[in-house]
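Since the structure comes first, as structure tokens, the remarks are kept for the end.
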Amino acid sequence: MIKLVRGFKDILPADTALWQYVETTLRELLEDFGFAELRIPILEQTELFARSIGANTDIVEKEMYTFADRKGDSLTLRPEATASVVRAYIQHKLYAKDPVWKLYTIGPMFRRERPQKGRYRQFYQINAEVFGLHDPRADAELILLLMTFMRRLELSGIVLHINSLGCPECRPRFKESLKSFLADRSEQLCSDCLGRRDKNPLRIFDCKVPSCKESMQDAPSILDYLCHACQNHFFTVKEILDRFNIPYEINHSLVRGLDYYTRTTFEALAGALGAQDAVAGGGRYDGLVKALGGPDQPGVGFAVGVDRLTELLAGRAQGLEKRPDIFIAAIGERAQDIAFQWVQDFRLQGVRAEIDFENRSLKSQMRRADKFGASYVLIAGDRELDSKAAVLRNMTTKEQKEIPIQDLIGLVVNTIKTSITGSE
Ligand code: AMP
């Protein structure tokens, strides 16, 4: 038997209702905050990611699915969405219409990481990106949106970490100080980090190797090196979070795995998930649009990991499954024939209707209706057709009533719709 590729997964029907619930909840919230959906391809030129994410990052060094297509062009399955959103913003000159855009996108990402619980090689993100706003209120608003989303999902125990990574004015001074801090720690650093020490020492904060983690504990804090403008920016972000009662922890080693971040970075963590506890992360990337050949417009965004959120919410999948409003138990060929018409009519009226084509006994059709969890069953056999009235059974109250066949669709649709609004 041919099986799934390692690190990839199927999302089965028992779980898709939960996935849709998470996606719809965030989609609605994003639209209330003025975001519009952008759909971007899964495949891009490799250079887009190499230039944006940064050559010395784990993603670019080890994790990308890159291949040469038949003409020899180097293509990559996207490991994240921001680079593609920026490419689209530049390529379609969206900035010319208005520099300020709020865009979101939903879809799979691909990273060849070591698979484990909560870490897949194809995983799903919902990304939100804001272009054209330098104002720290844009950063705070995104964090507010993210935490409102967590609250709407009724997730407790989500911890928000925030940091500032400074800007090209102040970060070089911090890098130099970090390099001198690391200069006499060669023995504690893993071979990857030794390589990064000169080129990109901030990456070492992300290393999971215990001796690297330990040696970084006394590392200098970027927050002590921020220039005046970056300090003010970070101050306003924190002030707004305080004003909206969003608790946060300042984590000066939160550098995030990509090179393009400036100033604010943030991450939402769920302790209940264990080792892979980040459910969302983001930050500001003021130089990225320009670095990719666009105008000098700032950006700020976040990515939510849908796989991990659905894992956190797994207990809630059951109540979300879509059940038929009505199951038609038709006994005998004459009834089956009419019921086939009814079931199509119900669906056209927005009623979720199901039927069994097997013409089984009433008892086994009732069992099937139960299995589907149908709210109502409409029973029709020769006797009902002769008396020109089918029987409608409410599966919760077990009440039954006769419905004249002549007005059947209208009457049943009415009963079902009233019971749905009544139970809301
Ligand atoms: P990142 O783009 O690395 O900042 O990731 C943003 C979010 O995507 C994380 O907080 C995770 O929830 C999710 N994520 C990242 N990598 C993976 C992965 N390999 N498997 C599952 N979810 C992931």
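The set of residues from region 260-296 being β-branched (Val, Ile, Thr) and within 9 Å of the ligand (Cβ to nearest atom) comprises just one member, VAL279. When the test is whether a residue is crowded, with 21+ Cβ neighbours inside 10 Å, more than 26 Å from ALA55 (Cβ to Cβ) and touching a residue at least 60 places away in the same chain (Cβ under 8 Å), ALA272 does not pass it. Taking region 246-266, which residues are at pLDDT below 95 and either outside the structural domain of GLY166 (by TED's automatic domain parsing) or part of a strand (DSSP E or B) (or both)? THR262 - this is the single residue of region 246-266 that is at pLDDT below 95 and either outside the structural domain of GLY166 (by TED's automatic domain parsing) or part of a strand (DSSP E or B) (or both). Here GLN217 passes the criteria (1) farther than 17 Å from ASP286 by Cβ; (2) assigned by TED's automatic domain parsing to the domain that holds ARG151 except the one numbered (2).
Those strands (runs of 3 or more DSSP E) of region 1-95 in which at least 1 residues are β-branched (Val, Ile, Thr), considering only elements entirely within it, cover 65-68, 74-77. Residues of region 329-341 that are buried (at least 18 other Cβ atoms within 10 Å of the Cβ) and part of a loop (DSSP other than H, G, I, E, B): ILE331 alone.
Per-residue answers, yes or no, for (1) under 28 Å from the mean Cα position of the chain (by Cα); (2) modelled with pLDDT of 90 or more:
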{"residue": "LEU165", "(1), (2)": "yes, yes"}
{"residue": "CYS190", "(1), (2)": "no, yes"}
{"residue": "ARG196", "(1), (2)": "no, no"}
{"residue": "PHE205", "(1), (2)": "yes, yes"}
{"residue": "PHE235", "(1), (2)": "no, yes"}
{"residue": "ASP242", "(1), (2)": "yes, yes"}
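For region 342-364, state whether one or more residues are assigned to a helix (DSSP H, G or I) and of a type in the set (S, T, N, Q). The answer is yes, given that some residue of region 342-364 is assigned to a helix (DSSP H, G or I) and of a type in the set (S, T, N, Q).
Residues in region 154-197 that are charged (D, E, K, R) and either within 30 Å of ASN232 (Cβ to Cβ) or surrounded by 12 or more Cβ atoms within 10 Å (Cβ to Cβ) (or both): GLU169, ARG171, ARG173, LYS175, GLU176, LYS179, ARG185, ASP192, ARG196, ARG197. Taking ALA50 as the residue in question, decide whether it is modelled with pLDDT under 95 and more than 12 Å from the ligand (Cβ to nearest atom). In short, yes. Set side by side, the residues ILE409, ILE403, ILE420 differ, and just one is aliphatic (A, V, I, L, M) and at pLDDT below 95, which is ILE420. Does at least one position in region 110-117 carry a residue that is within 14 Å of the ligand (Cβ to nearest atom), in a strand (DSSP E or B), touching a residue at least 40 places away in the same chain (Cβ under 8 Å) and in the same structural domain as LEU292 (by TED's automatic domain parsing)? Yes, because at least one residue in region 110-117 is within 14 Å of the ligand (Cβ to nearest atom), in a strand (DSSP E or B), touching a residue at least 40 places away in the same chain (Cβ under 8 Å) and in the same structural domain as LEU292 (by TED's automatic domain parsing).
Taking the conditions exactly as written (assigned to a helix (DSSP H, G or I) and touching a Pro at 6+ places or on another chain (Cβ under 7 Å)), does PHE181 satisfy them or not? Judged against the criteria, PHE181 is a match. Test GLY283 against the criterion of being surrounded by 15 or more Cβ atoms within 10 Å (Cβ to Cβ) and on the phi > 0 side of the Ramachandran plot, and give yes or no. When the stated conditions are applied, GLY283 passes them. Among the conditions (1) under 18 Å from LEU292 (Cα atoms); (2) touching a residue at least 60 places away in the same chain (Cβ under 8 Å); (3) loosely packed, with under 12 Cβ neighbours inside 10 Å, LYS93 misses just one, which is (2).
Inside region 96-109, can you point out the residues that are over 21 Å from LEU273 (Cα atoms), in contact with a Phe, Trp or Tyr (Cβ under 8 Å, 6 or more places away or on another chain) and assigned to a strand (DSSP E or B)? Residues satisfying the conditions are TRP101, LYS102, LEU103, TYR104, ILE106, GLY107. Answer yes or no: is there a residue in region 300-307 that is at pLDDT below 95, within 16 Å of the ligand (Cβ to nearest atom) and in the same structural domain as VAL86 (by TED's automatic domain parsing). Checking region 300-307: not a single residue is at pLDDT below 95, within 16 Å of the ligand (Cβ to nearest atom) and in the same structural domain as VAL86 (by TED's automatic domain parsing).
Among the candidates LEU178, LEU194, LEU189, LEU182, the residue that is touching a residue at least 40 places away in the same chain (Cβ under 8 Å) and not β-branched (Val, Ile, Thr) is uniquely LEU178. Taking the listed residues LEU133, LEU145, the one that is surrounded by 17 or more Cβ atoms within 10 Å (Cβ to Cβ), more than 12 Å from the ligand (Cβ to nearest atom) and assigned to a loop (DSSP other than H, G, I, E, B) is LEU133, with no other qualifying.
Residues of region 267-311 being among the charged types (D, E, K, R) and not in a strand (DSSP E or B), which ones? Within region 267-311, ASP277, ASP286, LYS290, ASP296, ASP307, ARG308, GLU311 qualify.
Rundown of residues vs (1) more than 30 Å from ILE11 (Cβ to Cβ); (2) of a type in the set (Gly, Ala, Ser); (3) surrounded by fewer than 19 Cβ atoms within 10 Å (Cβ to Cβ); (4) touching a Gly at 6+ places or on another chain (Cβ under 6 Å), yes/no style:
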{"site": "THR66", "(1), (2), (3), (4)": "no, no, yes, no"}
{"site": "ASP69", "(1), (2), (3), (4)": "no, no, yes, no"}
{"site": "LEU75", "(1), (2), (3), (4)": "no, no, yes, no"}
{"site": "VAL85", "(1), (2), (3), (4)": "no, no, no, no"}
{"site": "LYS97", "(1), (2), (3), (4)": "yes, no, yes, no"}
{"site": "VAL100", "(1), (2), (3), (4)": "yes, no, yes, yes"}
{"site": "PRO108", "(1), (2), (3), (4)": "no, no, yes, no"}
{"site": "GLU113", "(1), (2), (3), (4)": "no, no, yes, no"}
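The values are calculated or read from the model by the stated rules, or taken from the named source; none is laboratory data. Just so it is clear, the structure is predicted and the values come from calculations on it, not from any experiment. Every residue, glycine as well, gets a Cβ built from its backbone with ideal geometry; the counts of neighbours run over all protein chains shown.
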